[in-house]
Amino acid sequence: MKAIVTVLGSDKVGIIAAVTGELARLGVNIEDISQTLMQEHFVMIMMTDISASSFGIKEIGEKLKAVGEKIGVDVRVQHEDIFNSMHKI
């Protein structure tokens, strides 16, 4: 199953390491990643494959949200189908 992970917040050292490290710990594969700075704001979006993880999408989302709270960024996880439906024009 594919999931979209988004990370938003003020730029600081360690955001990518914290989020991707937790994804690795959870057994989630990152298939595509894009990150940018919009002035002082950090923005990252990842296409992931969670099918090999022993955690469900809800648990993955909760664990990533906790990591985000710890480092001061907003981390969200959505099933690919929901993400695509929300962003169709």
Practice task
Give the residues of segment 16-72 that are in a strand (DSSP E or B), of a type in the set (S, T, N, Q) and open to solvent by 30 Å² or more (accessible area, probe 1.4 Å), sorted by residue number.
Solution key: ASN29, SER34, GLN35, THR36
Exercise for the section: Consider only pairs whose beta carbons are under 7 Å apart and that are at least six residues apart or on different chains; among these, list those whose first residue lies in segment 48-60 and is touching a residue at least 40 places away in the same chain (Cβ under 8 Å) and closer than 18 Å to GLU31 by Cα and whose second residue is of a type in the set (S, T, N, Q) and open to solvent by 80 Å² or more (accessible area, probe 1.4 Å). Expected result: THR48/ASN29; ASP49/ASN29
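Does GLU69 count as farther than 12 Å from MET1 by Cβ and modelled with pLDDT of 95 or more?
So GLU69 passes the test.
Could you tell me whether SER85 is at pLDDT below 95 and small (Gly, Ala, Ser)?
On the way: at pLDDT below 95: yes; small (Gly, Ala, Ser): yes.
So SER85 passes the test.
The values are calculated or read from the model by the stated rules, or taken from the named source; none is laboratory data. Since the structure is predicted, the reported quantities are computational estimates derived from the model, not experimental observations. Cβ atoms come from the backbone with ideal geometry, glycine included; neighbour counts cover every protein chain shown. Side chains included, ligands, DNA and RNA excluded: accessible areas come from the protein's heavy atoms. Shrake-Rupley method; radii C 1.70, N 1.55, O 1.52, S 1.80 Å.
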